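Worksheet for the structure shown next.
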Amino acid sequence: MHFDDGVLPAEYYKYIGKKIIFITIALICLVLLFVIGISVGAVQIPFIDVVKSLAGMTVSKRFDIIIFNIRLPQVLTAIVAGAGLAVSGAVMQSVLRNPLGSPFTLGISHAAAFGAAFSVMILGSGTMASSISDAVAISNPYLTTFSAFIFSMIAALIILAVSKLRQGSPEVMILTGVALGSLFTAGTMLLQFFADDVQLAAMVFWTFGDVARTGWSEIFFLSFVTLFSMGFFFMNAWNYNAADAGDETAKGVGVKIERTRLLGMIIASFVTSVIISFVGIIGFVGLVAPHMVRRIIGDDHRFLLPGTIISGSLLLLASDIVARLILSPHILPVSVLTSFLGAPVFIYLIIRGKRR
Amino acid sequence: MILNINDLTFKYNSHNVLNNINFSVEKGEILAILGPNGVGKTTLLKCINSILKRDKGDVYINDKDTLNMNVTEIAKQMSYVAQNNDTAKLTAFDAILLGRRPHIKWRVSKDDIKKVDAVIKRLNLEHLSLKYIDQMSGGELQKVSIARAFVQETDLFLLDEPTSNLDLKNQAEILGLVKRVVKEHNVSAVMTMHDLNTALRYSDKYLFLQNGSIYGAGDIKEISCLMVESVYGIPVEILQHNGYPVIIPGELTNAA
């Protein structure tokens, strides 16, 4: 059967146009914030000098060193990590059909923290150096990162394995994640109890997520992983829309929903594991950024995903800038700020009680 | 013949839910699957669409064995309207556009948009087009789900309790719509139904399920009191009203 007497509805195109405008505005804000982010801090660099330096015209040797060794890596890390965490959160919310889906609520972050603590204490690696802290820079940062990554992947794989036993049901994934979260928290506390002062400081320092601990090679790796996941998620945008409509409807329109759910979770967990292991635990970006965008442009993943990516970057970058300035000359880890920001939003979402 | 089902059997935990089901559906026909709660009506519908994997038997759609078709190919041949649809902050237009999923790779063509527009007009849903489906009433949402099935442009619609939880007017509107589209486009529909009288009014054939087997099947106008009484276990009377049979349930005797 065929329906051939339709036209292109102007109203609908206007509605789509609004979403594109929102995304464009967000993108412009991100570019502005990028320049601001490089400009502000303990040493103020005028905007015009930032632009000139980035374009390769050396204004002063000192500015070049600050920009290319400290500020630019930090800003880029915030952009990449914010984007990756946010887009993973959006996908987890969709495939789990639960508004609370995010790396933080699924216990993946806690597992990473345990992995870091495990590395500090048992493997004796200490923690990595950060340009915002002069405190506890110790021997082997890569081992800590690797250990955090391994444990967060273990958490993700356990969630997937348990849900596989129960036909990939979303509830099972969430409940398993909650259980794992408390298990790994208990494990971390156990390690902390037996740790000496330096180890304890290193463990706690690691969990303060901040975007200042990555160098260029880490940034390239992070970007590669994040871009790959974005590509994968974009390709599946229709499948996530179908997942939102319910399993039966999704299958009815030819979507292999179990496979979509499994692959979505694997990729999202992988990206967040990588990000968390490099920057530490940054809560709520993965939860809040998608919800903010949902409220403005809706749940159509063709627009939600790009909107979420940009908003996640914006959110983390803005938080990082504020964290740098709020107690200047002291610099707060950005995770403290995102959690302060995220918790009220989280409670607001619960009170609104909107079932997705 | 659009749909042909041979010897379909479905087990759940080694317990037979459906036993050796055989039936077929012709072009332009609406079949109502009837029977008490928990008898396997929805399961049968899901087996037809391969949402559930059958344990035995064949399902042929347009003479093609669905066993050799992937989910997208099946979705091009038959559409499924689920009983419960989850809602999202999605406009009706975009929700209906999802029905084009089997036909598109990723990019939506102008042709797809036009088809959605045409279906919306045919169903008189223009006023809902840009309303978010999470703000819709049950009746509105059901119309959107049916529009999504229409825009899939399949030869067979499978509808799971299309009118449960709907008021009288919405029931009449939705079933009237299905009937009109089926007749106009010479396609077919299989619906599971609760309400015998709406089934009598809007379908051509019936199929009674009892304990996972076919108890009786035939032309809807030939439903007998005896059959209804033995399937549902309640005495009934069948009256004729404006050319349609109407079933009046009687009193349950206090045998138990």
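The values are calculated or read from the model by the stated rules, or taken from the named source; none is laboratory data. Bear in mind the structure is a predicted one, so any value in this text is a computation, not a measurement. Cβ coordinates were reconstructed from backbone atoms using ideal geometry, including for glycine residues, and neighbour counts include every protein chain displayed.
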Exercise. Filter region A:246-259 down to the residues that are farther than 10 Å from B:GLY99 by Cβ and among the hydrophobic types (A, V, I, L, M, F, W, C), then identify the one that is surrounded by the most Cβ atoms within 10 Å (Cβ to Cβ).
Key: A:ALA250
Quiz item: Given B:ASN85, B:ASN4, which one is polar (S, T, N, Q), outside any strand (DSSP E or B) and either surrounded by 21 or more Cβ atoms within 10 Å (Cβ to Cβ) or touching a residue at least 40 places away in the same chain (Cβ under 8 Å) (or both)?
Solution: B:ASN85
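Here's the yes/no breakdown for (1) outside any loop (DSSP other than H, G, I, E, B); (2) within 17 Å of A:THR105 (Cβ to Cβ):
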position	(1), (2)
A:VAL172	yes, yes
A:ALA179	yes, yes
A:GLY187	yes, no
A:GLN192	yes, no
A:VAL204	yes, no
A:ASP210	no, no
Self-check item: Complete set of residues in region B:25-74 that are small (Gly, Ala, Ser), part of a loop (DSSP other than H, G, I, E, B) and in contact (Cβ under 8 Å) with a residue 60 or more places away in the chain
Solution: B:GLY28, B:GLY35, B:GLY40
Exercise. Output the residues belonging to region B:7-21 that are out of contact with any Gly (no Cβ under 8 Å at 6 or more places or on another chain) and either buried (at least 18 other Cβ atoms within 10 Å of the Cβ) or closer than 11 Å to B:ARG54 by Cβ (or both).
Key: B:LYS11
Quiz item: Among the residues of region A:10-24, is there at least one that is under 29 Å from A:PHE149 (Cβ atoms) and among the aromatic types (Phe, Trp, Tyr)?
Solution: no
Quiz item: In region A:1-26, how many residues are surrounded by fewer than 16 Cβ atoms within 10 Å (Cβ to Cβ) and touching a residue at least 40 places away in the same chain (Cβ under 8 Å)?
Solution: 2
Self-check item: Verdict on B:VAL119 being out of contact with any Asp or Glu (no Cβ under 9 Å at 6 or more places or on another chain), farther than 20 Å from B:ILE51 by Cα and outside any strand (DSSP E or B)
Solution: yes
Quiz prompt | Which numbered condition B:VAL178 misses (of (1) farther than 26 Å from B:VAL39 by Cα; (2) crowded, with 16+ Cβ neighbours inside 10 Å) | solution = (1)
Exercise. Look through A:SER60, A:SER53 and report the one residue that is more than 14 Å from chain B (Cβ to nearest Cβ), surrounded by fewer than 16 Cβ atoms within 10 Å (Cβ to Cβ) and out of contact with any Leu (no Cβ under 8 Å at 6 or more places or on another chain).
Key: A:SER60
Practice problem: Quick one: count up the residues across region B:202-224 that are surrounded by fewer than 18 Cβ atoms within 10 Å (Cβ to Cβ), touching a strand residue (DSSP E or B) at 6+ places or on another chain (Cβ under 7 Å) and either outside any helix (DSSP H, G or I) or within 14 Å of another protein chain (Cβ to nearest Cβ) (or both). | Solution: 5
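Would a scan of region A:96-108 turn up a residue that is assigned to a helix (DSSP H, G or I), more than 30 Å from B:VAL181 (Cβ to Cβ) and either modelled with pLDDT under 90 or more than 14 Å from chain B (Cβ to nearest Cβ) (or both)?
Within region A:96-108, one or more residues are assigned to a helix (DSSP H, G or I), more than 30 Å from B:VAL181 (Cβ to Cβ) and either modelled with pLDDT under 90 or more than 14 Å from chain B (Cβ to nearest Cβ) (or both).
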Quiz prompt | Single match in A:ILE282, A:ILE296, A:ILE326 (criterion: touching a residue at least 24 places away in the same chain (Cβ under 8 Å), of a type in the set (A, V, I, L, M) and surrounded by fewer than 23 Cβ atoms within 10 Å (Cβ to Cβ)) | solution = A:ILE296
Practice problem: For region B:225-243, indicate whether the set of residues that are part of a strand (DSSP E or B), buried (at least 20 other Cβ atoms within 10 Å of the Cβ) and within 21 Å of the chain's Cα centre (by Cα) is non-empty. | Solution: no
Exercise. Say whether the condition of being in contact with a helix residue (DSSP H, G or I) (Cβ under 9 Å, 6 or more places away or on another chain) and among the basic types (Lys, Arg) is met by at least one residue in region B:106-122.
Key: yes
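Somewhere in region B:150-158, is a residue touching an Asp or Glu at 6+ places or on another chain (Cβ under 9 Å) and either more than 13 Å from chain A (Cβ to nearest Cβ) or under 20 Å from B:ALA32 (Cβ atoms) (or both)?
Within region B:150-158 (the criterion being touching an Asp or Glu at 6+ places or on another chain (Cβ under 9 Å) and either more than 13 Å from chain A (Cβ to nearest Cβ) or under 20 Å from B:ALA32 (Cβ atoms) (or both)), the answer is no, since none of the residues qualifies.
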Quiz item: Restricting attention to region B:181-201, and to residues there that are assigned to a helix (DSSP H, G or I) and either under 23 Å from B:VAL39 (Cα atoms) or of a type in the set (D, E, K, R) (or both), which single residue is nearest to the other protein chains (Cβ to nearest Cβ)?
Solution: B:GLU184
Self-check item: Filter pass, A:ILE351 being touching a helix residue (DSSP H, G or I) at 6+ places or on another chain (Cβ under 9 Å) and either part of a helix (DSSP H, G or I) or modelled with pLDDT under 90 (or both)
Solution: no
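Considering only region A:195-253, state which residues are of a type in the set (Phe, Trp, Tyr) and free of Cβ contacts under 8 Å to residues at least 60 places away in the same chain.
So the first thing to find is which residues in region A:195-253 are of a type in the set (Phe, Trp, Tyr), and the list is A:205-206, A:208, A:216, A:220-221, A:224, A:228, A:232-234, A:238, A:240.
The answer is A:PHE220, A:PHE221, A:PHE224, A:PHE228, A:PHE232.
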Self-check item: Single unsatisfied condition, A:GLY231 versus (1) assigned to a helix (DSSP H, G or I); (2) away from chain B (no Cβ under 14 Å); (3) under 23 Å from the mean Cα position of the chain (by Cα); (4) not basic (Lys, Arg)
Solution: (2)
Quiz item: Restricting region A:246-303 to residues that are at pLDDT below 90 and at positive phi, which is farthest from the other protein chains (Cβ to nearest Cβ)?
Solution: A:GLY280
Quiz item: If you check A:SER163, A:SER223, which single one turns out to be surrounded by fewer than 20 Cβ atoms within 10 Å (Cβ to Cβ), out of contact with any strand residue (DSSP E or B) (no Cβ under 9 Å at 6 or more places or on another chain) and in a helix (DSSP H, G or I)?
Solution: A:SER223
